[in-house]
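Input: a single structure, listed below in structure tokens.
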Amino acid sequence: MRYCSLGSGSRGNGTLIEQGATRVLVDCGFSLRSTEQRLAEAGLRGDQLSAILVTHEHSDHIQGVGKLARRYGLPVYLTPGTGFELREDGLDLRWIDLHGRFEVGDLEITPVAVPHDAREPCQYIFDNGQRRFGVLTDTGTITPWIVEHYADLDALFLEANYDPHMLSIGPYPAFLKARVGGDLGHLSNQQAAGFLQVAGGRERLQHIAVAHISEKNNRPELALAAMQDALTGWSGNLLMAHQNQGLPWQSIE
């Protein structure tokens, strides 16, 4: 199994997971043209995708879903709540149950409910029978449900959206600061680091990709420093998914 990021942040998100001939795209928050360019940089065409999985209906995650799915005839997997924003003609929508797994080609996928200010948001864990890869972004707080499901991963794509001090003195209006830092908002550097400290099976993790970093309320070096403090003694690779250049393909051996 391998994965890469087409870009991660408030201006658009897309994460590719590949197992054999199966390739799924988690979210598509870019224009169709930008998505095709980013796919090409990853060595792929739209007609080589197997499906699109959607986490929630915010524009930085669904902007390009409809156009990409229609152009290449791709099925779109999402919760019924998220589907309220994607009930467009010509889309092959496939509803997922947050209490059950489903398969796309060679991947078994577990959707995990998360606290976020959306209709029915979820994140995903991917299993090829030997290795497990988790995507965990757009989450306001870490719940016992998340800790239970994200144990024993081989790789993790983890949000560290904001630094609390930068958010408090930053340019956002008060209501938006409260939203970002609230229980239905995003994970701070410290919350993400705290999750790593309680995550079961951390010694199994080969690499962690820090993702969805705010361009106004965080800095990459602050996020990485928080993660490193939580990972004392860990021998894996700590990576960074950027807004513009994303993250190159990473193999999970």
Could you run the Debye sum over the Cα atoms of the chain, one equal point scatterer each and no solvent, and tell me log10 of I(q)/I(0) at q = 0.07, 0.10, 0.11, 0.12 Å⁻¹, two decimals?
-0.21, -0.43, -0.52, -0.63
Rounding to the nearest 20 debye, state how big the charge dipole of segment 79-157 is about its Cα centre with +1 on each Lys and Arg Cβ and -1 on each Asp and Glu Cβ.
140 debye
With every protein chain left in place, what is the accessible area per residue of segment 50-170 in square angstrom, probe 1.4 Å?
40 Å²
Report Thr110's accessible area, 1.4 Å probe, all protein chains in place, as a number in Å² to the nearest 10.
20 Å²
Antiparallel bridge percentage (DSSP; both residues within the chain; nearest 5):
55 percent
Cut-off under 5 Å, modelled amide H: who pairs with Arg119 long-range
Glu57
Relative contact order as a percentage, the chain, C-alpha pairs under 8 Å and 6+ apart, gives 20 percent
Just to be sure I understand: of the beta bridges DSSP finds with both ends in segment 104-253, what percent are antiparallel, rounded to 5?
45 percent
With both partners inside segment 60-130, how many of the DSSP beta bridges are antiparallel, as a percent to the nearest 5?
70 percent
Output the peptides 118-128, 200-210 sorted from most to least packed, where packing is the average of other Cβ atoms within 10 Å over each peptide's residues.
118-128, 200-210
Computed over segment 157-252, the relative contact order (Cα-Cα under 8 Å, seq sep at least six) in percent reads 37 percent
Cα centroids of segment 122-156 and segment 13-57: how far apart, whole angstrom?
19 Å
Rounded to the nearest 0.05, what FRET efficiency is calculated for Arg219 and Ser59 with R0 set to 22 Å and r the Cβ-Cβ distance?
0.35
Run the numbers for Leu93 and Ser31: contour at 0.36 nm per residue of separation, minus the present Cα-Cα distance, in nm.
20.4 nm
So, R0 is 22 Å and r is the distance between the beta-carbons of Phe102 and Arg204; what FRET efficiency does that work out to, to 0.05?
0.35
If the chain between Ser235 and Glu253 were fully stretched, how many nm would it gain, using 0.36 nm times the residue separation less the Cα-Cα distance?
5.0 nm
Under 15 Å from the Cβ of Val54, count the other residues' Cβ atoms, weight Lys and Arg +1, Asp and Glu -1, and hand me the total.
-4
The long-range amide H neighbours of Thr141, using H built 1.01 Å from N in the peptide plane and a cut-off of under 5 Å, are none
For Thr143 and Arg70 in one chain, what is 0.36 nm times their gap in residues minus the Cα-Cα distance, to one decimal in nm?
22.7 nm
I need to check one value: relative contact order of segment 14-121, counting alpha carbon pairs closer than 8 Å and at least 6 residues apart, in percent.
25 percent
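The values are calculated or read from the model by the stated rules, or taken from the named source; none is laboratory data. Computed from a predicted model, the values in this text were never measured in an experiment. Cβ: placed from backbone, ideal geometry, glycine included. Neighbour counts: every protein chain shown. Accessible surface is based on the protein model in full, side chains and every heavy atom, while ligands, DNA and RNA are left aside. Shrake-Rupley method; radii C 1.70, N 1.55, O 1.52, S 1.80 Å.
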